[in-house]
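Down below is the structure, laid out as structure tokens.
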Amino acid sequence: MEIKASIEDLMQVKKMQVDAIKAIGFRGAGPQDEEKLFANLRYRKNEISHRINDYEYLIISPHGLYVAAAVSEQGNIPAGMEQITIPADTYQVFRFDEKYIGDFWDFFCNPSAQVKYNLNVDKIRFEIFKEDLQPQGVTEIYFPTNG
């Protein structure tokens, strides 16, 4: 008989203070738009002249889902794109093998798990896509806390 491991046994958790991150990219209605948003950003990323790195940010906010690039304070917003700021805050950073993403969301859709980790589901949360994470099969999700 196989014993199924809990997502809590399969992830690393650390608390981090994150400075505000300004980003420019595309907004969609929800997860169903994610693939299209990433494709749009990859196709048009070179139009964002004031990018500060090559990472892609998946940002989940009360106003929709964004796929964006981090930018410096100054610069134009290309046509069809929007600016969003990830607020400075204390975040719980959850790191796990990407194959457990469904288990992660199943666990954290439960209010008792949100309370256990002191998560604020009404604030912006985000994920950074970079060469040492997703291509290696690893996900890190930054989830804001209640202070």
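Please treat every number below as a calculation from the coordinates, not as lab data. If you're wondering where the values come from, they're calculated on a predicted model, not measured in any experiment. Cβ sites come from the backbone with ideal geometry, for glycine too, and all protein chains shown count toward neighbours.
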Expressed in nm to one decimal, what extension gain is obtained for the pair Ser49 and Ile101 from 0.36 nm per residue of sequence separation less their Cα-Cα distance?
15.5 nm
Within a 10 angstrom radius of the beta carbon, how do Ser6, Ser61 rank from fewest other beta carbons to most?
Ser6, Ser61
For the chain, modelled as a Gaussian network with Cα springs under 10 Å, which listed residue fluctuates most, Phe96, Phe38, Phe107?
Phe107
Residues of the stretch 57-95 with backbone N under 17 Å of the label point set 7 Å from the Cα of Phe38 along Cα→Cβ are 57-60, 65-70
Here are labelled values, [x] 25, 20, 13; [y] 25, 15, 14; [z] 28, 17, 14, and one is the computed semi-axes √(5λ) of the Cα gyration tensor in Å for what I pasted. Which one?
[z]
Burial order of peptide ranges 29-37, 64-72 (average beta-carbon count within 10 Å, highest first)
64-72, 29-37
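Please work out how much length the chain gains when fully extended from Ser61 to Gln134, using 0.36 nm per residue of separation minus the C-alpha to C-alpha distance, in nm with one decimal.
24.1 nm
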Cα centroids of the stretch 65-85 and the stretch 25-63: how far apart, whole angstrom?
9
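Using helices alone, I'd like the mean residue ellipticity at 222 nm for the chain: each DSSP H run of four-plus residues gives -39500 (n - 2.57), total over residue count, nearest 500.
Numbers: 4 runs with 29 residues, N = 147.
Computed mean residue ellipticity for the chain: -5000 deg cm²/dmol.
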